[in-house]
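In what follows, a structure is listed as structure tokens, so that the remarks can point back to it.
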Amino acid sequence: MLDAIFRPRSIAVVGASRKPDTLGYKILENLVRYGFNGAVYPVNPTADAVHSIRAFPSVEAIPDPVDMAVLVVPKQHVLAAAEACGRKGVKGLVVISAGFAETGGAGVQRQAELMEIVRRHGMRLVGPNCMGVLNTAPDRSMNATFAPTMPPAGPVAFMSQSGAMGVTILDYAAEYGIGISQFISVGNKPDVSGNDLIQYWADDERTGVILMYLENFGNPRRFTQLAREITRRKPILAVKSGRSGAGARAASSHTGALAGTDAATDALLRQCGVLRMDTVEEMFDLAMAFSHQPVPRGNRVAIVTNAGGPGILIADACEAAGLHVTELAENTRALLAANFPEEASFANPVDMIASANAQSYRIAVEAVLADPNVDAVIATFVPPLGIRQEDVAEAIVSVAAGRTDKPVLAVLMGREGLPQGMAELNAAGIPAYRFPESAARALGALYRYRQWLERPVGAMAEYEVDRESVAAILAGARAEERAKLTEMEVMRVLEAYGIPVAPYRVARTVEEAAAAAQAIGWPVVMKVLSPRIIHKSDVGGVVVGVEDEDALRAAFHRLTTEVPERAGLPADAVDGVLVQRMMSGGKETILGMTQDPQFGPVLMFGLGGIYVEALRDVVFRVQPVTDVDAAEMVRGIRGIKLLEGIRGEPASDLRAVEEVIQRLSQLVGDHDAIRELDVNPWLAFPAGGVAVDGRITVAL
């Protein structure tokens, strides 16, 4: 699919230059310097030779076939150069030049014309506005970038949406010894995208780990489909920039107020097994571990140290990362006690004290690796006088080489000998870190990936529902140019999709309200009905515990006269009063959905009621939601123990909540006119539950 980009047999550099301070010079230099195993053709109409290689006035003047062309020409010449490449039969096009859609205005049109040329000639396009591509495979050895360094070869494939970040990434890879299989800077990505790349790398034998620096998603639904399957075979690590809520749109629902685009990004990546990092530094911490270490069977970690302080720091960091500092087996402790001074600690962390030397590390690391209670080991070293880090590193390497089923990570703290010790460990495939938190974070990510591998795939539920009734309600509101459904319409929508609601009636007179209460049973809750009052509680628009007709009459008067006045509305803005059976004994939760401009419907679950936006104890997932997704949503809130039952209280029916989440997923998937939806509260009972209040807005 992308062999013309990553495995070309011949490359033309259109815009190759003799001037050392130009990109056209640097890209050609990198191809030559790093030994591209194919033909390289400089294209420069004013030079006979560039880098002592015969140059050609145009790509069409090259007598031999050209698989890939790198365009490093001013933006106004890109279209003509691309057209010439198409006529030549070039299959892969890498456009370094900027001045396209990223600049707006005429650049957008220029990019559209470039894509027309690419499609007409059946080419694949990387860029424009990128830094190039790289493949370290020995049979290619291609560096078609302007980066100043060439990373070592290895199992990591890397995609960067930012050219500047790409340069930084390759520098870090070289510094930390992270082996790269392939690298690509995609630029504006009107053609070759992240989706194309993860699909290509999934089948690449040299790639074991996929790293991505993302600024946006082109087709997030396709990404989800691909990543769900690929992450079962290879880990995908991603830094997605743009966590800020500065660009969040105004929202009328609780769900819309709580769900920014970043919440949707987190949800999408979590659903498809992609491990998200906050920083590039964190991504490299994880890449060092994922490149060479096995995925642990569990989260039980042993810590070996020559100083108590670092051992405690690592233990704290491990617990924070979801790891368990396990109790060592009795025979392991006995073996350690027989080899170390009595001042040492043989619990976990294993503190060998400052006198520990390289042989001490060899004994301790070997002992804890053999312990059946241990899934992974972190060895840390603070250099005392007279003991070289290189020797300790060599001891750790020699022991770890004999165990390929358990990950071993190292923390080397201090300056003396640090680079040499880290270099030796990294060269042997043992990730070495300067700080305890980095090692714990990386090992925690390895364990989270193990959890993903063992997680059931999940299935989409398909319930028997009344789609036609809901479509008619939504169409009616849109025909009347009403963005907000009435309370009655909301209840009917929920009922049409099998979501239980508390018994209710609508009353427009006090007599109708009294009859409604008699019919559904006392006590009742009364709510003002007005499309102009969104959050009823804020203006006193809800009266609970109405137990008799006198209280009902007083509540009706308050809701129809005092409440609209408090909301700054005329009395005729009130359409009536909803009389609803008062439900008690359940836990208040919230279910909701908001339409994200990139990801589509994003569903939410959390603790509900009037404090939902203050508590913010909510979890998001992108539609469609599987049964496994729904279960994780319910159990992912901080307050899950409230639903599981505390202090003798009965547990809520979590299965019923999961089913409602899946029914809402089906509802919003069937009707894309729904822009926002809240069910707040959903009362979760020990058996079942009911929707007590709801809100739905539609696109006009």
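Annotations for the structure displayed:
- Cβ separations smaller than 6 Å between residues 6+ apart or across chains give the following pairs from segment 453-474 residues that are surrounded by fewer than 13 Cβ atoms within 10 Å (Cβ to Cβ) to residues that are of a type in the set (A, V, I, L, M): Pro456/Val628.
- Residue satisfying all of: in segment 171-182; hydroxyl-bearing (Ser, Thr, Tyr) and surrounded by fewer than 22 Cβ atoms within 10 Å (Cβ to Cβ); nearest to Leu134 (Cα to Cα) among these: Tyr172
- Unmet requirement for Val304, which otherwise passes all of (1) among the hydrophobic types (A, V, I, L, M, F, W, C); (2) assigned to a strand (DSSP E or B); (3) touching a Gly at 6+ places or on another chain (Cβ under 6 Å): (3)
- Residues of segment 392-417 that turn out to be without any contact (Cβ under 8 Å) to a residue 40 or more places away in the chain, surrounded by fewer than 17 Cβ atoms within 10 Å (Cβ to Cβ) and either in contact with a Phe, Trp or Tyr (Cβ under 7 Å, 6 or more places away or on another chain) or not hydroxyl-bearing (Ser, Thr, Tyr) (or both), as a count: 6
- Count - residues of segment 11-46 that are over 15 Å from Ser141 (Cβ atoms), of a type outside the set (A, V, I, L, M, F, W, C) and part of a helix (DSSP H, G or I): 3
- Selection count, segment 515-550, where residues are out of contact with any strand residue (DSSP E or B) (no Cβ under 8 Å at 6 or more places or on another chain) and small (Gly, Ala, Ser): 3
- Subset of segment 307-325 [in contact with a helix residue (DSSP H, G or I) (Cβ under 9 Å, 6 or more places away or on another chain) and in a loop (DSSP other than H, G, I, E, B)]: Ala321, Gly322, Leu323
- Positions within segment 510-540 being touching a residue at least 24 places away in the same chain (Cβ under 8 Å), in a loop (DSSP other than H, G, I, E, B) and within 17 Å of Lys484 (Cβ to Cβ), in sequence order: Ser530, Pro531, Arg532, Ile533, Ile534
- Residue in segment 631-654 that is under 22 Å from Val465 (Cβ atoms), outside the structural domain of Ser537 (by TED's automatic domain parsing) and free of Cβ contacts under 8 Å to residues at least 24 places away in the same chain present: no
- In segment 24-62, residue farthest from the chain's Cα centre (by Cα) [restricted to those that are on the phi < 0 side of the Ramachandran plot and polar (S, T, N, Q)]: Thr46
- Where helices (runs of 4 or more DSSP H) fall entirely within segment 611-700, those with at least 2 residues that are crowded, with 21+ Cβ neighbours inside 10 Å and hydrophobic (A, V, I, L, M, F, W, C) are at 627-635, 654-670.
- Qualifying residue in segment 58-68 (condition: at pLDDT 95 or above, in the same structural domain as Phe158 (by TED's automatic domain parsing), under 26 Å from Ser162 (Cβ atoms) and surrounded by fewer than 19 Cβ atoms within 10 Å (Cβ to Cβ)): no
- Options Ser141, Ser193, Ser160, Ser185: the member that is in the same structural domain as Gln111 (by TED's automatic domain parsing), out of contact with any Pro (no Cβ under 7 Å at 6 or more places or on another chain), surrounded by fewer than 24 Cβ atoms within 10 Å (Cβ to Cβ) and free of Cβ contacts under 8 Å to residues at least 60 places away in the same chain: Ser193
- One residue from Ala376, Ala370 being surrounded by fewer than 18 Cβ atoms within 10 Å (Cβ to Cβ) and among the small types (Gly, Ala, Ser): Ala370
- Within segment 454-489, the residues that satisfy the criterion of being within 24 Å of Asp629 (Cβ to Cβ), part of a helix (DSSP H, G or I) and touching a helix residue (DSSP H, G or I) at 6+ places or on another chain (Cβ under 9 Å) are Arg467, Val470.
- Condition met for Thr594 (outside any loop (DSSP other than H, G, I, E, B) and under 19 Å from Ile534 (Cβ atoms)): yes
- Checked against (1) at pLDDT 95 or above; (2) in a helix (DSSP H, G or I); (3) of a type in the set (A, V, I, L, M, F, W, C), Val377 passes all but a single condition, namely (2).
- Positions within segment 371-387 being under 21 Å from Phe435 (Cβ atoms) and more than 37 Å from the chain's Cα centre (by Cα), in sequence order: Pro383, Pro384, Ile387
- Residue in segment 433-444 that is in contact (Cβ under 8 Å) with a residue 12 or more places away in the chain and under 30 Å from Ile661 (Cβ atoms) present: yes
- Any hit, segment 266-280, residues being over 12 Å from the mean Cα position of the chain (by Cα), at pLDDT below 95 and outside the structural domain of Glu632 (by TED's automatic domain parsing): yes
- Among the residues listed as Met165, Met150, Met159, the single one being part of a loop (DSSP other than H, G, I, E, B) and within 29 Å of Ala427 (Cβ to Cβ): Met150
- If you go through segment 87-109 and pick out every residue that is crowded, with 19+ Cβ neighbours inside 10 Å and either in a helix (DSSP H, G or I) or not assigned by TED's automatic domain parsing to the domain that holds Gln161 (or both), you end up with 1.
- Here segment 326-360 is the region considered, the condition is being buried (at least 20 other Cβ atoms within 10 Å of the Cβ) and outside any loop (DSSP other than H, G, I, E, B), and the residue that is nearest to the chain's Cα centre (by Cα) is Val350.
The values are calculated or read from the model by the stated rules, or taken from the named source; none is laboratory data. Note that this is a predicted model, so its numbers are computed, not measured. Cβ sites come from the backbone with ideal geometry, for glycine too, and all protein chains shown count toward neighbours.
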